[in-house]
Structure formats: structure tokens, C-alpha cells
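Before any comments, here is the structure.
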């Protein structure tokens, strides 16, 4: 039985608020530990919405002012699920109050903000983490293990895409709840910060730092009605973004994301080509990892589709779930992340990505916007 | 906020005990209703195991005698997750006590038992359901809708397979916890009752009754050490089973299941070929439904891979989960089944499969074993 | 440079006449040998059609009477591409004249005919072959090699299907050119002889003899207009056929074919499950072989998609074609068969399937029709 | 029966010499026309090799000096299958002699050469074509038709890759027969001219002109033994190349090719995302076109896998081959190109890509090398 409590204060109640809450509730059942997660309080500006969310998910109480939430002594950890433009202030305040912080991605609006946040949590010595959840899809975690075991050899190529199609309709407005991701004031950027950020985090984790890049962005729909003003306003975000570049290990990067790729709902794919083996993954079939292993005998060499559902210890996290062949869903990645966060508390080795880790992704994001604007190659800033 | 409670008493703590418990805990968060599910008591012969399970999953209390559990007035529903040979007695006792019953599949050891169980629940007028969970995988539910809308036209073929490979090793013992499925005394049959039962339930739901069949069974490994006796004993179950037959609607059936298909973990697949369209599904990629629609224009006709993850109402259950492109896992099927069971309580229209519905599958299972033994075609008995 | 000639007389000018002719023309370019194939004469009852075919494909002369063709001293080999009901008489006459014979499949209308044909060619000691071309798709030939190398171990299951959808339309007539396959008088049977015959030939080649079977046939459209009589007449062929059975090696057979599986054009698939590995193939992607190899390390085990296009000797026949990654088409199977037939002439070891080999498939076909009629299990007759 | 002859003189006898020869021999059988192709002479510096090639493929005569070949009055068309550095001189000489020219891709070493060649053929008014054969894979031709019919609407993205892995081994030498593609003096460039050239030709055909690009090239193996000198020499080609850019229609380009993508033999893929539909194709499964059609009903919307093998006129070229479901191979693309070239002769409307069409691809190739060198965005030169 758990002997300690991890009392969470959640800020936000949207898509991510739900995904994190589900993870907090599942973690003890599938990944038992010394900690029992307690959903202590849900916070949102709109009291009615906060109440409804708290009732549905079992939060014990409600706050409408995040500063009050942070000030509560019965809260151990603050989970930041707000639009990006609020991350910095909340995180710095929470750090100052000695709270652990679990912050939605991207870390910040830009590197400058990110550096302040990193400084704050490191000064306060509070456990901190950013919700780049795709690291914890079992197939992706397996890829990490295979790379760490040296199975790929020298890396030549890393390719990633995150394709969606939900903003093709020019009548879709921008701004406000559910659509703040289209509002540059709230989001900071478009598909680069929202989608490519995931691709970059995974890439840096799997393949090391990105050194330099050349980027291209496009805004296909130039104006959209703004939900907060009711007026047609210029669209400030990038609708699509491509960048190419070089990793520190000499491999070439080819990244792309867009919300204008008809037919793709949330298709995050990556492929990594090494001297000895290649790996590929696709979020649309998230339970599979594709591997081509050159050391296989020539006549039966081919891409293997690994159904990452074995429960005997071969496949990360899967020994805690069902039996071989039965896949877990997207939501498992959050449950795994909470489990690892708790393990980090228990062992003293923090689970990544920490704020500092996430700062590296932020630097690539800044370089993308700089390069797209200047039409020049840009060196990625160091942390 | 829910105004009523559904207080569950769970018998069993294995794979299915966990899957059902997860569903009970998730249902209110994703499918809010008037009912709040309360995990009242977990029951197992072994007190320590019952306690451990109750602690991990949040059951309020523990019982070691299922008769006592059934007798408790603070329990509304009994969930039967025991080996098959206990289903009948528990169900009849629970019905007599006026409890709702949610029973693991297959309903019973054979049709005779199943009839007694149906009589008991119908006499007692208690809500009852069998956990044929695959009906509630969104892609399978979508198949049902498409068929009901008449999109397939006259049906010519229904084909299903459930392939596994986990018993190829002849050193695997039979019997006892985790391996009772290999022990005919506990399971009643082998792959027919364990795996084909799922295929048959889905088939009857989608395509109507099976009229007559010819079956072939095989036991590849004739003897295995028995965990309960410690001795090598004959294997009484079917290791593999094939049957062909006719549905009442004139279509042909081709069914197969085995635990000796190297490379397949839990590959339940079905395909249905109609005059106007065909559908196919594969549990290994459970979030996709394949459809070939003859009315599509000739030059662009092809099999469509429908990623059943849209949340705008098009795809069953998916409006309650995440956003398009993000798949749910195997476990969602149980959450959906509890949600539908509760809707059945609210509306008075019971969610299927009821015991009576499941009796039809049982009749096909009996016919399979009869035919395999007699080497003759067999008519499937009516309920 | 070839020093010998192989002078071919072709009877028939339809789909198979074209496929064989293309093979005769390609073989010397891709598989050089001591033999030069000479297209000596094309034979058809209709002189104009024979002439047109001969002109297009480069046959040197034309005949309208197959007996005259066989009697010509400048012909070495007779290629029989007629409807099935003419195979026997032509083959026996050709054998008596000392001609080599390349006969379209199935060998005959039934085993009785087949035995006469085998006796004739064996008495005459003429080289003979049946065009079960799928053995020579490189991926299928690779499967044969892998099995011969013992990579699958003990076999548990062999599953094959041949699915089409081109006769669903009830207005399609039967009989006459192009549609003789629907006319039982010309074809002898329906999908069993036309489609399952291919599946059985491959299976016997890969997995050995079939011992006993239970079969089910169905004729969905009971009457069709007959092109030769102009009248609506009963349909005598099987529209669909399923059989299950046992191979001599103890493995289970599950076979099915139909022309009523909407969405499948010519989908011949097989899968073989062994103790150590499994193989699967699909004519719709004929250049790929799927393999699951249990000896692969657990955490990266999965189905491999082998793109059978390497040209370094690993992949059968492919060293004669292009470069890795560039697939050959369906027609290559015929070119390979002619190449192997010629190698058989050169080495004295005849290329299979010979008439005698094909007789075994014929026996299974007879058993299918017997079982479907009697509703009993049937032992397959020995050659 | 054909009334005219098209007498071909072939220069070269390697991979492409064989592919073109096969096409010349097949075209009359599958695509009858007024022209009979006659393989008049094969030309190579090495007389023995020329003889061997001529014998195997049925060329009537042999030349060892291409100038003599061009001078022969019994030759109508010159087929240039030499390394790239000889294209210009041969083509200009042949044009001056009034010969039709079928030239392997890429057209030339660079735009400057290409312009001279275009000027020469246009001055001489000789039919001319470049062997960008992938336009004639039926699935690709179908894509073209669908785009022309307006089914995609406004285009947002065009993505293409051509991935190989055959030069990873650093011990592979450069130069000489079979390896001249690694020798910059013979090839002009590496993967850009060899592989990306194909991608660009298809893209320009399907999606219009590329306006501006930013490119990155890499040479992973800096030195290789040279087969002609026997010495280790610097590698002058690009081993890998990525470029991003904009098409004239406003869509974004993302292109990549490499010979260091372990696991990919010859994987040319493209995808085009339009407002109304998307299309995707993969050379490794060349008989399939993937389509996502937004106008499909929401609940059954998905990517369709179109098996481009129907023979009723729906699928380009396929009415000339076999029956539905039976795929043609890579080599068909050349047969189709010859058929279209002949149709061009018959109709007076030349089949593309002509030299002038191919010049546009050459301009993109030059821009790639310029941009990669300068690290700047580059405007693509106009023809």
C-alpha cells in the first residue's frame, strides 16, 4: 500500500486536463508505488466549468485563481494545462512556492521565457517535468532502448512529420477555448510549437542535439475570425513548417508539420536510418515499431512489424497491462509518464524531459521561426 | 452528478478481474450518467490475494466466500470472473438473490448449463450481461451500424479467425491459476470456448444465426503436466478448431481458432462479404475498420482503411475520448460495455449480449464439439 | 548462343495463350540457355482469330485443326490452352505423336481423365508439365526453399484462400469464349477447379499430401443465360467452396475460394504456421513474402515483409531481372516456368508439376466435390 | 498488321539497355500499332559485349562507334543509354543526322548542356523523349488523371523521397561499368541527378513548376577507390540530398533522396495533399495508389488502397495486360513509354517528357547543387 501522497493541483480542464487526470487515476492501479496520487484541486477561471470538471474526475476541491491554488499547503504538485502564454508565470510562481511542476508542452513561448523557467525550478530545486508524452508510447520507448544498445550504428538520417488536416476549412475561427492554438498571442506559434515540438523532443532524445537548420513556414489561410474579438484578424501562426538540418552526430534532419495534409488526423511519424538498422514509427498505429535489421540473413531480410504488446519484460511498460496482442491506447503515454515521474521522486533521478531538457526543443523552435523569417541557415542556440 | 449507485461485487482477480475493474473506474469519467459505480467488494478464495487486489483497485471490502458476497445487501451487481465451471452455480445463486449479473464469457460449460442460467435470470428478472467485449471496440460497433444501414446488401461470406501461439511449447503445464484454460475440467473446452466464442458472438450479432456446421478439432500436444496434481495428464481441450457452415441468411461460414499459429498473439479477425460492400477487422489493429464499397466510382475503388477515431459523432463511443487520430486501447471495450449496461438500466432496454443472447453462441459451441467428435454435419440447436 | 530449337504449337489464344506466348518470347532474353524457343504455329478453330493472334505474337503459321497441328513434324511441343474438357483428348493424341506437352491447369475434368493422361505421357516418355504457375512467383519459390531448409519445423496449420468477385452480377451469362469457366460442361467445376486448384497445387508442393477433407460448396446464382444456347439454364458449377482437412504431416487444412467476395479481384493467399516460423503470401502483393521467425530475439520479433527483389542470388529468379526494389509482375511466373522446363530438358530432371504431380491436385478436387455432395468426410485417393 | 518500321539503334547495354530492349520487344504484342519496332543495331565500345548483348536481345547488328551508328541510314531512332556525360554529344550528333532520340534520364550534366540539346532537337525537328519512366506506372498515370479532373482542389503539399541503401559500405569503389553513378565525372551528380531527378519529373508533371528551393547535400563517404585509376580518390557526388521549396501554385515542396537509408532498396514515394483529396504512391508497391477523398461520407472516410489492375478502361494501360488483380512489374513502365512514343508519332502530339520538358527538371537539379553549395535559397531558372 502507498505510504505517501502526491497531491495534485490541476490548472486547466481541456483535452490535456482530461488526459493527465486519467493518468493520475490509472497510475496506482497499473504501476503501484509508494505514492498515492490525490486529485486535490482543479483550477479554472470559470467556476462552473471548474466544478463540472472536478466532479467528473473526482477532484476534491475547486479554485478559480491559480495563485490561490499554488498558495495552498495541501498541494504538492502543480499541473499546468493552460495555453502556452501562461506557462512561464505560473511555473515561476509555483517554483517559488516550492511546488513540483508538471507543465504541458511546449515549455514556453520562446527560449527566453524557457530560460527563466529553468532558472526558477533549478533555484527552487523542485521536481519538474514537461509533458512530451510520446516518449512513453511503448513502441517509442523500445526504439530508445534499441538505439542505446547500439543496434543502429552510425546514424545517417532522421526524418519526422506531424500531419493533420483540421484547419483546412477557412471558416474555422481562431482564438478562445479549443481554438487558442490558432491564436499566436496565446500559442506563440502554430504547428511548430504544437506539433513539431513533439517531433523535436523525441528526436533530441533518440538522436541527440540539432546543430543547424534551414526552415520554411507558410500560413495558407491569412485571416480568420477571432473568437475573442469577433473580428476577422490576421493569422499569426505558421500553418505548415518544414525544416532540414544537421544533428551533432552528423546525421541529416528532415522535419515537417502541417494542419493542411488532407487525410491525416494526427499522423506523427519518425524514421531513423543507421548503418546497421533502421527504425520507424507512426502514431496512427502507435502499438507497432518497424525495424529493418541489416544483420538478419540476406534472403529473409525485411522490415519487421513489431507488435509492442508482449508482457514478459521485452516491451517497455507492457508487463503492467494485459496479455500479448492487446494494445494500449494513446492515453497510456500519460499514465507511463506519471509512473516515471513518481519513480523519479522515489529514486532521486528525475524523469525526463525536465524543464532543462525541454529547453533544447525550445531552442530548435526559435531557430525555426528565425530561419523561416530570415531565409537563412541558423545555428541552434545552446541551453 | 450521479444520483444513484451501482455497487459491484467482483468474484475473481485475474486478467478479467483487472479489465472489468478498470472499466468500472473509467466509466464515470468518460461516460457520465445517473449512476456512480462503487467497487464494493472483491471476492477470492485466497484472502491475501483478495486483499491485495482490493487495495490496488480500490474495492472497499473483501470476501473469501462468494455465497457471502451474494448475500450482502450492499451489493447490487455480481461480476463473475471465475473459471467457466463456476459460472452456473454463482449465476443461479446471484439471480435468486436478486442481484444483477455481469458474467465473463463463455456463458457456461455447455448449452444445458446455459439454459438453466437463462431460466434463472429471466425468472428473477435481474439485469444480466455476458462480457463479449469485442462488440464494443469502436471499429466493430461501426461495422454493426454499417450493416444495419443496409450497406452490404445480401451477404455471401462470413469468415473469422482467432489465432494465438502461446501453447506451442509442450513443456507448458495445464491447470491452476493462469493456466486453467488448458484444463478441460475448469474450462469445458479449449480454443472453441475461449477464442471462437468471441468470433461466434460477433458473427451472430452482425450476421444472424448459424444453422448448421461441420467442425474439426485437434489436440496437438496430447499430454501436459497438471499444476494441481503434479502429474502428466491427458490434455482434454481442443488446441485448434475449424468449422464451416451456413448462416440462416444463406451466407457461408468459415471459422478457425488455434493456439498454434506461430506469430499471432491474439489475432482475432473477421471479414464479411456482401453484394454491395465488404468489411474486415483485425484485433491487432483494433482501431481500424477496412471497407470496400462497390458503389464507389470504379477507377478509385479500393479497400478503405477507416481510422475509427473521429470525435464528431461519426465513430461510436469516440466522441467521449480524445481527438481524431488518437486511438484507444483494448481496454476501452470494457468501459464501453459498462457504459451501455448502465444505459440499459436507465432506459429499460438491456444492453446485449444478455444471457439469452449468449446462449446462442453456446449452442454453436456445443455443435462444434459434437461435429468434431461424430465427423458429421450438425444442426445448431435453437435457444 | 542457343544451339537447339524448341518449336511450340499453341492451341488456344485467350488469356493463357497470351501469358504463355509472352513467356516463350521473354525466356531467352532473361534466362539464356541452349534452347531457342520458336513460335511455330498457333491453332484455333476460328481461322481469323488464329491469324490475328499469330500475327500479334509472332507465330510463324496457323492451324485450325489441333490434330493437324499435332501431326506436324516441325513441332516439338504442344501447349494446351483450351477449356478443360479438351485437355484429355489433345494430350493423349500429342503424347502418342511423341510431342512434349505443356498443359493448362487443372490437368483434367477429374481423376479418371487425369489417370489416362498420366498413363499416356509416361508410356510415350514425353516431357510434360502443367501450368500451375504460382510455384514460380519468386516469393512463393522462396517460401519453398525456406521450408526445405527446415526453418518452419513441425507444421500445424496451412490456410489458403482464392477470392474473387467478378460473378456477383446475376446478369452475367455462362458459356462461350471468356465465360466457359461458368459452364460446367466445359470447365468440369467452378471455383474449385479454377481457383482452389492453384491453392492445392502450391499446398501439396509446400506441405505434402492432403489425406482427408470435408467440403462445402454453394452456387449462389442458380440460373444464368447460356451464351451457346441463348437460354436461361441451371448453373452447374460451384460458385464458392470451403474445405477443411488434414495433411499427411498432421497439419490442419483450411481452404476457401469464391467469386463472391466483394473487393477481392484475384486474391490468392496462403499462410503456413510451423513450430519455429510462419510464412504468408498474397497474390495482390506478389513480390512480398511475410515471415515470422521465432528464433529472432524476443523484443524485436515481428512479421517481416521480405521484398523479394534482390538480385544477388538470395531471391529465386531475381538475379535475371532488374535491381533490388524493382518488382516483376504476374507474368514472370510463366517465364520462369518455361525457363525451368528448358532446364529440365537440359538436365533430364523434369520441372514440376508434371502430369503425375498434377494428378494429386486432381484427386483433392474430386474429393471436394464428393464430400460436398455427400456431406461426409472423404479420403483423398492416391495417384 | 503494322505497316511501318521503327528501326532502333541502341547505345549502351547495361541495366537501362536491357529495360528499353524488353520494352521494344513487348510493345507490339500488348500495344499493337502501325509501327513495328525493329532492333536494328546495338552499339558499345567493347565489341564482344556488344555482340553478346545483341545476340541475347535480338539486335540484328553491332557497332562499336556511336558515330557510325548514327550515320547508318537504316536507323530511325537512337536510344541513348550511356553514362550522363555522353548524352549531350550523342544527342546533338543524332539530331543533326535527323534521327529521333530516346535519351536516358537525366537529360544532361546540367542546364547549360540541356539547353544545347533542346536547341538541337528543336532545330532538327526530330521526335525526342527522355526516359522518365515512372510517369507510366499505371498508378502514377492514374494519379495524373485524378489531378487533371480537379479532384484534389487547391494543393498544399507535395512530398517525395527516393531512398536506397546500396552505398553504405565504404569499401564499395567508384567509377567504371556498374559504378559510374558514384563517379562525378561520369554522372555529374549523385542522388540528385540519379534519384531526385525522377521525383522532380513526376512532381513537375503532376503539380507544376518549382519556383524556389533551399537544399542540403551530404557526402557521407568522402573517399572511395576509383575503378578506372585504381587509386583512392575523393568522392565528388552527393550521397544524400534534401530540399524544400515552393511550387508556382503555392504548395510546399519537401524532397529527399539518399543511398544511406538502410532498409530501402529503391523506395520512391510521393504524396500530394490537396484541399479536397490526397494521393500517395510507393514504388515498392507500384501497383497501388492510395487516395483519401474528403467528399466520402464522414463515418466511412479513410485512405483507399486502389489496386490499379482493372482492365475495363478505368486504369491506365491495364486493359492491354491481364485480368483484374494481376499486377504488372516495373518493366511495364518502359513498354508503356514506347507505346506512347509511337502514339506520338502517329498523332503528331509528342509524348512527354520531351527534351524541353526534361530541361525543367534539369533546372531544379542545378538549383539544388547551387543552394547546397551557397547555403542560400535559389530561384529555379526558367527553361
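Side notes on the structure shown:
- Every residue from the stretch D:261-281 that is assigned to a loop (DSSP other than H, G, I, E, B) and closer than 24 Å to residue A:166 by Cβ: D:275, D:276
- Close Cβ contacts (under 6 Å, 6 or more residues apart or on different chains) running from residues in the stretch C:360-380 that are within 11 Å of another protein chain (Cβ to nearest Cβ) and in a loop (DSSP other than H, G, I, E, B) to residues that are surrounded by 21 or more Cβ atoms within 10 Å (Cβ to Cβ) and at pLDDT 95 or above comprise C:377/C:214.
- Among residues of the stretch D:271-280 being crowded, with 24+ Cβ neighbours inside 10 Å and more than 7 Å from every other protein chain (Cβ to nearest Cβ), the one that is nearest to residue A:302 (Cα to Cα) is D:279.
- Cβ-Cβ distances below 8 Å connect the following pairs, each with a first residue in the stretch A:12-36 that is in contact (Cβ under 8 Å) with a residue 40 or more places away in the chain, a second residue that is surrounded by fewer than 17 Cβ atoms within 10 Å (Cβ to Cβ) and in a loop (DSSP other than H, G, I, E, B), and a separation of six or more residues or different chains: A:14/A:177; A:14/A:178; A:33/A:2; A:34/A:2; A:34/A:3; A:35/A:2.
- When the test is whether a residue is at the interface with another protein chain (Cβ under 7 Å from one of its Cβ atoms), more than 24 Å from residue A:270 (Cβ to Cβ) and buried (at least 20 other Cβ atoms within 10 Å of the Cβ), residue A:326 passes it.
- Residue check for residue D:140: in contact with a strand residue (DSSP E or B) (Cβ under 7 Å, 6 or more places away or on another chain) and more than 22 Å from residue D:83 (Cα to Cα): yes
- Which listed residue, of B:311, B:249, is more than 9 Å from chain A (Cβ to nearest Cβ), part of a loop (DSSP other than H, G, I, E, B), within 30 Å of residue C:219 (Cα to Cα) and touching a helix residue (DSSP H, G or I) at 6+ places or on another chain (Cβ under 8 Å): B:249
- Counted residues, the stretch D:282-296 - those being assigned to a strand (DSSP E or B) and either within 13 Å of chain C (Cβ to nearest Cβ) or surrounded by fewer than 19 Cβ atoms within 10 Å (Cβ to Cβ) (or both): 2
- The residues on offer are D:31, D:53, and the sole one that is within 13 Å of chain C (Cβ to nearest Cβ), farther than 17 Å from residue D:80 by Cα and surrounded by 16 or more Cβ atoms within 10 Å (Cβ to Cβ) is D:31.
- The stretch D:34-52, residues that are part of a loop (DSSP other than H, G, I, E, B) and in contact with a strand residue (DSSP E or B) (Cβ under 7 Å, 6 or more places away or on another chain): D:34
- Summed over the stretch D:61-92, the residues that are assigned to a loop (DSSP other than H, G, I, E, B), closer than 23 Å to residue D:345 by Cα and in contact (Cβ under 8 Å) with a residue 60 or more places away in the chain give a count of 5.
- Unmet requirement for residue D:299, which otherwise passes all of (1) in contact (Cβ under 8 Å) with a residue 12 or more places away in the chain; (2) away from chain C (no Cβ under 11 Å): (1)
- Tally, over the stretch D:8-28, of residues that are farther than 20 Å from residue D:322 by Cβ and surrounded by fewer than 21 Cβ atoms within 10 Å (Cβ to Cβ): 3
- Single match in B:329, B:344 (criterion: in a loop (DSSP other than H, G, I, E, B) and farther than 22 Å from residue D:294 by Cβ): B:329
- Of A:334, A:341, all but one fail to be crowded, with 21+ Cβ neighbours inside 10 Å, under 30 Å from residue B:19 (Cα atoms) and away from chain B (no Cβ under 14 Å); the exception is A:341.
- Test: residue in the stretch A:102-112 that is away from chain C (no Cβ under 14 Å) and more than 21 Å from residue A:190 (Cα to Cα): yes
- Given (1) out of contact with any helix residue (DSSP H, G or I) (no Cβ under 8 Å at 6 or more places or on another chain); (2) surrounded by 24 or more Cβ atoms within 10 Å (Cβ to Cβ), number of the condition residue C:268 does not satisfy: (1)
- Residue among D:102, D:107 that is under 22 Å from residue D:21 (Cα atoms) and in a strand (DSSP E or B): D:102
- Within the stretch B:114-130, if we keep just the residues that are under 26 Å from residue B:182 (Cα atoms) and buried (at least 22 other Cβ atoms within 10 Å of the Cβ), the residue that is nearest to the chain's Cα centre (by Cα) turns out to be B:130.
- Listing of helices (runs of 4 or more DSSP H) fully contained in the stretch C:129-228 that carry 2 or more residues being away from every other protein chain (no Cβ under 14 Å) and under 28 Å from residue C:119 (Cα atoms): C:184-187, C:197-207
The values are calculated or read from the model by the stated rules, or taken from the named source; none is laboratory data. Fair warning: this is a prediction, and the values are worked out from it, not measured in the lab. Because the Cβ atoms are built from the backbone with ideal geometry, glycine has one as well, and the counts that use them run over all protein chains shown.
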